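> Take a look at this one; I'll ask things after.
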Amino acid sequence: MFWRVMYEIFIIMLVITYAILLFADFSNHPLLTDELMDKVDTGLIILLIVEYLFRLWRAKDKRKFVFANWFDLIAMIPLDSYLYLARIMRVLRLVRIVRASPFLLGIIRSGPMRQVFGVVTIIMLWSSTAIYLLEYGVNENIKSFPDALWWSIVTTTTVGYGDISPVTAGGRIMATILMITGIGMLGALTANFATHWTETHESKSQEKDRLTEEIKKQAIANIQQIENLTEREYETLKESMDLLYRRTRKKGEE
């Protein structure tokens, strides 16, 4: 359980970091360069290859696995030297690492989470558009729509950096609305995240427990009629007992 959670956290941080690098401006930055991005891509390809080979090794039907995961193979193609394909391949790799996280994939597929994200997105876009129309040309700190969007995020979270503040009456009314609704809106988003996280990991644990119980019941039934077991059934019983032992030991360690 511990290592699964650590893996999820690592994948989430990797997704966020890679997404930031994808949209970063490398033109006038001393550290963020094309050479650095090439190294990041190389490291990510190696990570994807190792993860793919590990899943392939564990797959029972390897032929079916390869056909079912053809997208993973495309995402690992190192074509970044061709500039017109670099961005496409990087986006594909971003999608691939999102798919590696059951938690993130569950968010995308979850109806309630999509609804919460939809409401948050609508409010952010509405407030950003309104403040841009009200403050542009009047407020020297709002020179573009991204500035307005940044203001909306800061105001909604009630952080209040103070780098941008409205100067018009309409802008201040918008700020008041966002400050009043911001705490509740982000509270709902955080609560849904926490609920989804808990349900994702609890469902895995419950499914694993149910499978363990089924194996245990089958093993007990075979032990009760051990004198009638064939050689093959007896070997299966031994494998089931070994599996039960390893599962219970692993659960105890978690």
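> Of the residues that sit in the range 8-54 and are hydrophobic (A, V, I, L, M, F, W, C), assigned to a loop (DSSP other than H, G, I, E, B) and open to solvent by 70 Å² or more (accessible area, probe 1.4 Å), which one is farthest from Ala75 (Cα to Cα)? Show your work before the answer.
Here is the first cut: in the range 8-54, the ones hydrophobic (A, V, I, L, M, F, W, C) are 9-16, 19-24, 26, 31-32, 36-37, 40, 44-50, 53-54.
Subsequent filtering for residues that are assigned to a loop (DSSP other than H, G, I, E, B) retains 23-24, 26, 31-32.
This time we only want the ones that are open to solvent by 70 Å² or more (accessible area, probe 1.4 Å), so: 23, 31.
Details: Phe23: 18, Leu31: 26 Å.
So, considering only residues that are hydrophobic (A, V, I, L, M, F, W, C), assigned to a loop (DSSP other than H, G, I, E, B) and open to solvent by 70 Å² or more (accessible area, probe 1.4 Å), the one farthest from Ala75 (Cα to Cα) is Leu31.
> Is it the case that some residue within the range 129-141 is modelled with pLDDT under 75 and surrounded by fewer than 16 Cβ atoms within 10 Å (Cβ to Cβ)?
Of the range 129-141, the ones modelled with pLDDT under 75 are none.
No: the range 129-141 contains no residue that is modelled with pLDDT under 75 and surrounded by fewer than 16 Cβ atoms within 10 Å (Cβ to Cβ).
> For the range 60-68, state whether one or more residues are modelled with pLDDT under 75 and surrounded by 14 or more Cβ atoms within 10 Å (Cβ to Cβ).
So far as the range 60-68 goes, no, none of its residues is modelled with pLDDT under 75 and surrounded by 14 or more Cβ atoms within 10 Å (Cβ to Cβ).
> Hey, any hits in the range 160-174 for a residue that's assigned to a helix (DSSP H, G or I) and within 25 Å of Pro112 (Cα to Cα)? Can you show your working first?
Restricting attention to the range 160-174, the residues satisfying the condition of being assigned to a helix (DSSP H, G or I) are 169-174.
Those left that are additionally within 25 Å of Pro112 (Cα to Cα): none.
No; the residues of the range 160-174 include none that is assigned to a helix (DSSP H, G or I) and within 25 Å of Pro112 (Cα to Cα).
> Using the structure shown, decide if Asp80 is in a loop (DSSP other than H, G, I, E, B), charged (D, E, K, R) and at pLDDT below 80.
Taking the combined requirement at face value, the residue satisfies it.
> Cβ-Cβ under 7 Å, sequence separation 6+ or interchain: first residue in the range 158-181 and over 12 Å from Ala130 (Cα atoms), partner open to solvent by 60 Å² or more (accessible area, probe 1.4 Å) and among the hydroxyl-bearing types (Ser, Thr, Tyr). Which pairs?
Matching pairs, first to second residue: Met179/Thr158.
> While we're here: Filter the range 93-116 down to the residues that are over 14 Å from the mean Cα position of the chain (by Cα) and touching a residue at least 24 places away in the same chain (Cβ under 8 Å), then identify the one that is least open to solvent (accessible area, probe 1.4 Å).
So, considering only residues that are over 14 Å from the mean Cα position of the chain (by Cα) and touching a residue at least 24 places away in the same chain (Cβ under 8 Å), the one least open to solvent (accessible area, probe 1.4 Å) is Val116.
> Let me ask you something else. Contact list please: Cβ distance under 6 Å, first residue in the range 213-231 and free of Cβ contacts under 8 Å to residues at least 24 places away in the same chain, second residue surrounded by 14 or more Cβ atoms within 10 Å (Cβ to Cβ) and not polar (S, T, N, Q), pairs at least six apart or on different chains.
These pairs meet every condition: Asn222/Leu237.
> Is it the case, given these coordinates, that Ser203 is over 30 Å from Ser152 (Cβ atoms), of a type outside the set (Lys, Arg) and modelled with pLDDT under 70?
yes
> Continuing with this model, one more query. What do you reckon, is Asn192 modelled with pLDDT of 70 or more, surrounded by 15 or more Cβ atoms within 10 Å (Cβ to Cβ) and among the polar types (S, T, N, Q)?
yes
The values are calculated or read from the model by the stated rules, or taken from the named source; none is laboratory data. Computed from a predicted structure; not experimentally measured. Cβ sites come from the backbone with ideal geometry, for glycine too, and all protein chains shown count toward neighbours. Surface accessibility is based on the protein's heavy atoms, side chains included, excluding ligands, DNA and RNA. Shrake-Rupley method; radii C 1.70, N 1.55, O 1.52, S 1.80 Å.
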